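Beneath this line is the structure, given in structure tokens, with notes to follow.
The numbers here are math on the coordinates, done by the rules we state, and not lab data. If you're wondering where the values come from, they're calculated on a predicted model, not measured in any experiment. Here the Cβ is made from the backbone with ideal geometry for all residues, glycine too, and neighbour counts use every protein chain on show.
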Amino acid sequence: MQTDLALQNHKNLSHSSVSRANGDRLRDVFNKYASVERNGDQFMTPEDFLQSYLGLYNEENANPKTVKMLGSILDTSKDGLISFMEFQAFEAVLCQPDAIYRTAFQLFDTNGSGSITHDEFEEIIKQTTLQQKIPFNFKSDFMGLHFGGDRKRTVTYSEFSQVLHDFHEEHAVQAFKIYDKTKKGVISAMDFSYIMLNCKIHLLSEYVKPNLVAVAGGGTGGHLVTFPYFMAFNSLLNNMELVKRIYLSFTKGNLQLEMTKEEFLYAAQQMSQMTPLEIEILFHLAGFLHQRTGRVSYIDLERIAPYRPTRYLSKPIAEVKAVESPADRGFGTQILESLYRFTLGSIAGAAGATVVYPIDLVKTRMQNQRAGSYVGELMYKNSIDCAKKVIRHEGVFGLYRGLLPQLVGVCPEKAIKLTMNDFVRDKLTTEKGEITRTSELIAGGCVSSHAGASQVMFTNPLEIVKIRLQVAGEITSGPKISALGVIRELGIRGLYKGSKACFLRDIPFSAIYFPVYAHMKLNFADVNGHNSAPSLLISAMIA
């Protein structure tokens, strides 16, 4: 793990360096740590790369053979030195999706032939601490199947990646056989923990490690681990990303919901062939991470899943949380959340109002339809005719007459509605992440009833000012109408005409809109519970 993180830092540094002045900074870094000069060229030794550059194996008792062996990963020419070209080529390897396997291949390919022999594979494995603790049997059928019965067949990079993958499984199985001293297909809980902490350490999260002995054997109350349980435990940890997909598919992306064992078993059969034993282990292990409820949450899955460096980088930003659960939020966090929602609501309200404002102006003009010069003649034949006449007589910007007052009002209006809806939904959502249909309707209704005061306070006056300005273009004679002029003319009381009707309109609207939008998003979400921009747009349109 320490080497993985160091190599990741090297990748980040060199990748950013290449983009600056065609690798000049990468050259500077190389020259800084290179200690050998030949014919005017700088070279790194394995010690320069491992100990000075990556900062690994600086202990006094560090094994020089290990340092040389790891340094040979970059030394493709196998001359004992690392040139700048080799250093730069290794950076390119780290930028590949299969960087871990390619790096391992260069480590095992000790003679640089482009393929790996049985002897090379055995030589590297014998240098590992795992081999010292749990010896691997190189005379097993596993080695014969991969390298041939005479051990003369070599494996290419693609084949090596599978060999290395299968090796971890085979080593664990051999370890089980070693500790199954009675040959009855069972080992003790302590032996199970020892094998996992050595052969499968890469699959163990910091939450799983201390619970290995406790979870051993399942919920039977015994302290023996059978071979089927051992294999199922490893299979579960190997497939935790699939487990997450099953959860997200069932919950439609709702990370707060908790699933029962029966629900998970049903969902798993729709997507994969997870065995009931694997699911039993999953829920048994989750029970040690929090209070036993017989349910599993997404937080449990994150805690059980093996560490991945890109786990949080691949998350949508909306899923990045300051705390693990709503109950952990302090007053300051809640204030920041409200400000975040208020800002998003303001931006959304302003964008929406600007886009549809020309349509709103045409609607207002049509509603305020007046007779023409002749009896029975209408000013506008239809909406399209209205839009054409506005553009002809008032210009394109005539379609946006009165937009500023609308923006002044719609930003706080939408922001307050969205903030209030999220706030009330949070309060009505259970600890299991569930919210009833009735609660959703109440949350939507509360948006208008609680936000009604602010609606009446400044949105209604601005709505009246906006309408007056929208129809002002129809009046060709008389003084020019402005927002301040309308306010002076109507006075305080006049600005609040129609507020009751507006209030009665918004309560059922919000009670319907917000629950429908929430459910439409769930219906249009992908298998990971994420919504694309088109799915969000369609959900909003339907709502």
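Below are the figures for this structure:
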{"read-out": "Whole-number D in µm² s⁻¹ for the stretch 251-301, Kirkwood Cα-pair radius fed into Stokes-Einstein, 10 °C, 1.306 mPa s", "value": "141"}
{"read-out": "Spherically averaged projected area of the stretch 180-319 from its Cα convex hull (nm²)", "value": "8.8"}
{"read-out": "Of F288, A267, L236, farthest towards positive along the dipole that unit charges on Lys, Arg, Asp, Glu beta carbons give the stretch 180-319", "value": "L236"}
{"read-out": "Label-point gap, in nm, between D426 and K184 - each point 7 angstrom along Cα→Cβ", "value": "5.6"}
{"read-out": "Local net charge near Y194, Cβ-Cβ under 15 Å (Lys/Arg +1, Asp/Glu -1)", "value": "+3"}
{"read-out": "Projected label distance in nm at S338 and L145, using a 7 Å step from Cα toward the beta-carbon", "value": "6.3"}
{"read-out": "Counted charge near Q270, where neighbours are those whose Cβ lies closer than 14 Å (Asp, Glu -1; Lys, Arg +1)", "value": "0"}
{"read-out": "Loop-located GluC sites (Glu not before Pro) in the stretch 156-249, at most 10 other Cβ atoms within 10 Å (DSSP)", "value": "E206"}
{"read-out": "Where N is the number of residues in the stretch 77-121, Cα Rg divided by 2.2 N^0.38 Å", "value": "1.20"}
{"read-out": "C-alpha center-to-center spacing [the stretch 135-191, the stretch 235-260] in angstrom", "value": "31"}
{"read-out": "Ranked by how many other beta carbons lie within 10 Å on average, peptides 462-469, 185-192, 506-513 from highest", "value": "462-469, 185-192, 506-513"}
{"read-out": "Around G498: net Lys/Arg minus Asp/Glu count, Cβ-Cβ under 15 Å", "value": "+4"}
{"read-out": "Additional length obtainable on full extension of the chain from L537 to N31, 0.36 nm per residue less Cα span", "value": "176.8 nm"}
{"read-out": "Computed label-point distance, nm, for sites E489 and R392 using a 7 Å Cα→Cβ extension", "value": "2.6"}
